[in-house]
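The values are calculated or read from the model by the stated rules, or taken from the named source; none is laboratory data. Keep in mind that what you see is a predicted model, and the values were worked out from it rather than measured. All Cβ positions, even for glycine, are placed from backbone atoms using ideal geometry, and neighbour counts span all protein chains on display.
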Amino acid sequence: MSDLRSVHTDRAPAAIGPYSQAIVVDDWVFCSGQIPLDPRSGEMLEGSVAEQTELVLKNLRAVLEAAGASMQSVVKTTVFLSDMNTFSEMNEVYAKHFGDHRPARAAVQAAALPKFCDVEIECVARRSG
């Protein structure tokens with residue numbers, strides 16, 4: 001059986017429950033959902049969906065890098081929104097962070113997200129070599 005390695009970086013918010021920021025198994029990285037928490041203060045960003053998405057993806061990038069992966073190695077994302085009417089606002093920021101890379105994606109509206117934020121994103125990536 002493969003070894004599971006827990007990932008932790010101070011460049012992303014600490015887990016707010018009994019879970020890891022990510023788990024690495026073989027060359028795969030399974031990232032927990034990131035929400036718009038400031039990694040230094042632990043405070044929730046109360047801004048627009050675009051601003052929240054920006055911070056969420058910065059946090060996700062930090063976790064991926066700590067695991068030896070990158071945004072360009074992401075295979076699949078799941079985006080959770082508090083309101084599907086904000087999809088285009090989220091999508092514009094999302095596209096900027098992924099550039100020409102187009103991972104598979106699902107986007108769903110959730111009745112409520114952790115700390116009542118508006119955006120949460122999780123992903124699966126593959127580490128190189």
Tell me the residue from Glu65, Glu122, Glu51 that is more than 20 Å from Leu4 (Cβ to Cβ) and among the acidic types (Asp, Glu), please.
Glu51
Residue match in the stretch 81-98 (condition: at pLDDT 95 or above, within 14 Å of Ala12 (Cα to Cα) and surrounded by fewer than 20 Cβ atoms within 10 Å (Cβ to Cβ))
no
Residue check, Ala15 against (1) in contact with a strand residue (DSSP E or B) (Cβ under 8 Å, 6 or more places away or on another chain); (2) modelled with pLDDT of 95 or more, all met but one. Which one?
(2)
The residue from Val79, Val63, Val93 that alone is touching an Asp or Glu at 6+ places or on another chain (Cβ under 9 Å), of a type outside the set (S, T, N, Q) and closer than 23 Å to Arg40 by Cα is Val93
Working only within the stretch 1-13, note down all residues that are within 15 Å of Glu65 (Cα to Cα) and assigned to a loop (DSSP other than H, G, I, E, B).
His8, Thr9, Asp10, Arg11, Ala12, Pro13
Lys76: passes all of (1) surrounded by 16 or more Cβ atoms within 10 Å (Cβ to Cβ); (2) more than 18 Å from Pro13 (Cβ to Cβ) but (1)
Only one of Ser2, Ser48, Ser41 is loosely packed, with under 12 Cβ neighbours inside 10 Å and in contact (Cβ under 8 Å) with a residue 24 or more places away in the chain. Can you tell me which?
Ser2
Can you confirm whether Phe116 is among the hydrophobic types (A, V, I, L, M, F, W, C), more than 18 Å from Leu60 (Cα to Cα) and surrounded by 15 or more Cβ atoms within 10 Å (Cβ to Cβ)?
no
Just for strands (runs of 3 or more DSSP E) wholly inside the stretch 32-129: which have at least 3 residues that are under 12 Å from the mean Cα position of the chain (by Cα)?
74-81, 119-126
Which residue is nearest to Val74 (Cα to Cα), if the candidates are limited to the stretch 16-27 and must be surrounded by fewer than 16 Cβ atoms within 10 Å (Cβ to Cβ) and under 15 Å from the mean Cα position of the chain (by Cα)?
Tyr19
